[in-house]
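Derivation of every value follows stated rules applied to the coordinates shown; laboratory data play no part. None of these values were measured; they are calculated from a predicted model. Glycine also receives a Cβ, built like all others from the backbone with ideal geometry; neighbour counts cover every protein chain displayed.
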Amino acid sequence: MKKGFTLVELLVVIVIISVLVALMLPAINKAKSAGQQAICINNQKQLQMAHMTFSDDHGDKILYSSAWKQEKTAPYAWAPGSLNLSKYLNQSRWLEQTPLFPYLGNSIGVYKCPADKDVVRLTNKYGELRKMFPRHRSYSVNIHVGGWSGWPVQDDKEWKVYHKYSEIERPSNIFTFIEMPFEFINAGCFRVVMNEGPPTHKIYDMDVPGNYHINGTALAFSDGHVTTKRWLDQRTITAQTRFHIDGSNFKYGIRRAYGSVDIKWLKDRSTTKIKDFKTQKYTWFDWQFGLARQMRKRNEGPNTAHDRYTRYGRTDSWGWYWNHEW
């Protein structure tokens, strides 16, 4: 007579296997996370190298960190438009038209962190699903590196917007690319609120950094290196899933978390203050959508300039450097 396993023995084996699986899962998940982090770091290294190479090919000029697609500066923004203002603007064809695309070997995958699993669902007027595809971009650029069409937010006028790589005093200390969570990523820029005091702009308030890699994110810096930053403030860690960074339910972005070591870390690596701002204070004016502009004689364009902009009799360009090709 053949002897088989008893029910108790089978249950013991199943329990042992379950325990072993439970012990192995954290290690497997950690290895998976480490692999995703490595790919993300490589993506940002490629993006940063492309960003710097483009600058080398265009007189050291830095691409704008953002621009609306209807702005005349849009062809020279690293990622014009917004992911959220129109459900169609996320499609990969928009990335294929960006200045960096040919510098990245015509690769779409470089624009997205592998840990970002967000999916866009397109529906018809009846709410029926028409199309579903992954969001194609996880990264944004520090707004002070290039600026929104070359310009800062109104209350950040006293802080530098870098327009050439040679203007960055400490390239190893100024970040360029940063991950953002899918709930908050929209335009191509990431704003760190530099000015003190209560938030004043709904659209361009403090942005939320990503949290894809063990409570942290990967960031590229203007000297070419990429690092990962582990967030220390619980308000940053839970901003994606529970509430915004200060516990508010502010729809358009996040308000600053006062006293946050994470926000201080980002502020210290975003830009530096303009030393002689008082001498140029009255050349600045509030432009539109919460942004500021400055009139500069050295940048006046001729009457035939395709991006000519006039205010109070002064002529200027939409972008920081005027010419017919920029």
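Just order 179-191, 142-154 by mean Cβ neighbour count inside 10 Å, highest at the front, would you? Mind showing how you got there, number by number?
Numbers: 179-191: 22.6, 142-154: 26.3.
Output ranking for 179-191, 142-154: 142-154, 179-191.
How much net charge surrounds Glu167 when only other residues with a Cβ under 12 Å from its Cβ are counted (Lys, Arg +1; Asp, Glu -1)?
Values: positive: Lys61, Lys160, Lys164, Arg170; negative: Asp60, Glu169.
So the surrounding residues net to +2.
Take the Cβ-Cβ distance between Ser107 and Leu7 as r, set R0 to 45 Å, and report the resulting FRET efficiency rounded to the nearest 0.05.
0.20
Give me the one-decimal nm value for the distance between modelled label points at Tyr126 and Asp60, 7 Å along each residue's Cα-to-Cβ direction.
Here the answer is 6.1 nm between the modelled labels.
Working out 0.36 nm times the residue gap between Glu96 and Tyr282, then minus their Cα-Cα distance, what length gain in nm do you get to one decimal?
Contour length minus Cα-Cα distance gives 62.9 nm.
Where does each of Tyr165, Tyr126 land when they are ranked from fewest to most other beta-carbon atoms within 10 angstrom? List each step's numbers first, then the result.
Details: Tyr165 18, Tyr126 6.
Ascending Cβ contact count within 10 Å gives the list Tyr126, Tyr165.
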